[in-house]
1. Quick check on segment A:307-322. Is at least one of its residues charged (D, E, K, R), more than 11 Å from every other protein chain (Cβ to nearest Cβ) and either touching a residue at least 24 places away in the same chain (Cβ under 8 Å) or not in a helix (DSSP H, G or I) (or both)?
2. It is to be established whether one or more residues within segment A:391-410 are within 14 Å of chain B (Cβ to nearest Cβ) and either loosely packed, with under 15 Cβ neighbours inside 10 Å or touching a Cys at 6+ places or on another chain (Cβ under 9 Å) (or both).
3. Which of the residues spanning segment A:276-292 are charged (D, E, K, R) and either within 60 Å of the chain's Cα centre (by Cα) or not in a helix (DSSP H, G or I) (or both)?
4. Suppose we filter segment A:61-98 for residues that are within 23 Å of residue A:135 (Cβ to Cβ), modelled with pLDDT of 75 or more and among the small types (Gly, Ala, Ser); how many remain?
5. Residue A:244 - would you say it is of a type in the set (Gly, Ala, Ser) and either outside any helix (DSSP H, G or I) or in the same structural domain as residue A:446 (by TED's automatic domain parsing) (or both)?
6. If the requirement is being assigned to a helix (DSSP H, G or I) and either among the hydrophobic types (A, V, I, L, M, F, W, C) or farther than 30 Å from residue A:313 by Cα (or both), which of these qualifies: A:396, A:369?
7. Any residue that is assigned to a loop (DSSP other than H, G, I, E, B), free of Cβ contacts under 8 Å to residues at least 60 places away in the same chain, surrounded by fewer than 17 Cβ atoms within 10 Å (Cβ to Cβ) and among the hydrophobic types (A, V, I, L, M, F, W, C) - is there at least one of those in segment B:111-128?
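The values are calculated or read from the model by the stated rules, or taken from the named source; none is laboratory data. Small disclaimer: the values here were computed from a predicted structure and weren't measured. Using ideal geometry, Cβ is built from the backbone for each residue, glycine included, and neighbour counts are taken over all protein chains shown.
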Amino acid sequence: MLSRSTDKASRRFYGWRGSSLSFRLTAWYTGAAFFLIVVATGILYVALSANLDRNTDLFLSDKVHVVAALLRDRPDDWSGLREEVELESAARRYENFYIRLLDQRGTARLATPGMDSELPPARFSVSLGRPFPLRSQNRRAFRALVERVEVGSVPTATWTMQVAVDLTQEDDLLARYRAWLWSILAIALVSCPLIGYQIARHGIHFVRDVTETARRIGSTTLNERIQPEGYPDELADLARTFNGMLDRLEEAFGRLSRFSADIAHELRTPVNNIRGEAEVALARARSVEEYREVVGSCLEEAVRLSELIGSLLFLARTENPATHIKRERVDLPELLNGVRDYYEGSAAENGISFSVNCTESSTTNADRALLQRAVANLVSNAIANTPAGGSIALSAHADPVQVRIEVADTGVGISAQDLPNVLDRFYRVDPARSQASGGTGLGLAIVKGIMNLHGGRVEIASTLGEGTSAVLVIPNQATR
Amino acid sequence: MKILVVEDEQKTARYLKKGLSEAGFVVDVAADGRQALHIAMELPFDLIILDIMLPGLDGWQVLSRLREAGQQTPVLFLTARDAVPDRVKGFQLGADDYLVKPFAFSELLARVRSLVRRVPARQDDVVRVGDLEIDVIRHRATRANHRLDLTAKEFLLLSLLARRAGEVLSRTLIAETVWDMNFDSDTNVVDVNVRRLRSKVDDPFDRKLIRTVRGVGYVIEVDG
């Protein structure tokens, strides 16, 4: 329920999904800026008007105090009182105010001239001590205060004092202020979108740069890169990510084209042998023995081609993510001993000792035939690269997380600059030697492919002149 | 034994006919699917070797029509397509075997023989080839009454060759049968193992029994 309503809200929120990013940013900037301006001006207005009211109230209570003091201290100084009530008001330029004194019977004893016509006594409320708004006969705004005052230092009577201040000045001020606020809002309404759009455009131009670069890139211009200097952090990150992707693409493309060239080269040699031998043989009549020799040689080359094609197709399958492997419980000692049995003769002929070290009854969940092929390829490689007197150790170690199968030799080793490439197709550390030994240069690539299919990896460590250790790491998970 | 070879590639058809004829079979060749279907319906064959990519009807269609018509002649598919679903499809339609190009002719021959005979190779307890005698039960091999000192795998290898004496066995087949190595590459290891076997079986004697057939494999026969 909650998620559905959130969903609906977000759909409404992103209703303008199709519109451009700069439009969205502009709308957001405008909305936010306008909101802030409205809030700020509103607060200022409210504060100003509250302040004005406070001043007025202070003025009112001042007046009350002055008159009250006069009445208390000098109740007989009628002229002083009159001056305070009648003349003071007339002397003030801005704030018209009225004072009226009513005796205990409610009769007006003294009042500012004009007050009766403007503000008759009955208009004042009876609540004491608290200022209140008041409208005059002419609909003018006043603020008024009613207070009891004692007459004489020893009170002889309690009069009522009515004070009112004309608010016209304040209202005018507030009106002017409102006019200002409205014009500020009007200006903001126009300028916010314009400025917002400029900001958005400025922010977006980096994105446009990235787009431009992406558009320029084709298979022949994979070396193009975005220069992320001067980019804001988030976009610099995007640019670096983009560049990283290009690096990988360029690398992959390079490999692919090298690979095509390698295939052509690998095919060229046997095909050339077949063609040449057949051509030379047919150039003139030969003995049966010679023909037999030629046909045999051609057959050997054809077998080599078949194996190459088989390996290439196999590799292509390992790289296809849709390829499924048939996992089963594989008994590791049995598998390793099987491989040892197969290669033992080869190792012995080359003067290499061969040992298997594997925990009893350790197992893994893998495609048996593929795993066997991977181990066999590593062993074959080890034999080819280990001189007489050396040794090869085949071991397996299973723990709850993964299975590690290691093929370690005391062979010639691999140099540090060759090490990252040895798993590549057709990569040969020493082209001349490997060619002679009949390898296709695909063995380790196939090992890597098989490990990929199992969600595992190949770890190769080597020291030149001391030996190589290749480890197959298979994570222990039933399915992947 | 009559075999129908259905193959539109002329060279392939020619060498298949030649090779199979020399191996003692009577071979007819059809170059497209319709012709093949027609011949197979009219004449009795012991085996049909069927290419999948054919003009007219493809191999799958030919097979399914044959089976619909109640023809139960064994069928061996030949194909350049090596995808597992293709294989499965072939077997579902009722194919008896499946061979991917390029293949070794010896491999084809071995499969053809097993399909036609439907009987396993010699299962005698004691196998004899010339003065070589292999006692399968007691795990003992002797030559000219001299006991041969063989490892377990060497014994298996020798038994395999002897049981199918006269038949050239490919390195792949040998690696598969003796060492359970199920892949094509690196079969030169088989050469090493055969060489070691020879050093015990043939080297001490004048008459050599194990013969290398260049580019194909190994055969054991009396008059090498």
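1. Yes - at least one qualifying residue is present in segment A:307-322.
2. Within segment A:391-410, not a single residue is within 14 Å of chain B (Cβ to nearest Cβ) and either loosely packed, with under 15 Cβ neighbours inside 10 Å or touching a Cys at 6+ places or on another chain (Cβ under 9 Å) (or both).
3. Those that are charged (D, E, K, R) and either within 60 Å of the chain's Cα centre (by Cα) or not in a helix (DSSP H, G or I) (or both): A:284, A:286.
4. Number of matching residues: 1.
5. no
6. Result of the check over A:396, A:369: A:369.
7. Yes; the residues of segment B:111-128 include at least one that is assigned to a loop (DSSP other than H, G, I, E, B), free of Cβ contacts under 8 Å to residues at least 60 places away in the same chain, surrounded by fewer than 17 Cβ atoms within 10 Å (Cβ to Cβ) and among the hydrophobic types (A, V, I, L, M, F, W, C).
A quick yes/no check of all residues on (1) without any contact (Cβ under 8 Å) to a residue 24 or more places away in the chain; (2) surrounded by 11 or more Cβ atoms within 10 Å (Cβ to Cβ); (3) among the hydrophobic types (A, V, I, L, M, F, W, C); (4) farther than 20 Å from residue A:308 by Cβ:
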| position | (1), (2), (3), (4) |
| --- | --- |
| A:263 | no, yes, yes, no |
| A:278 | yes, yes, yes, no |
| A:291 | yes, yes, no, yes |
| A:297 | no, yes, no, no |
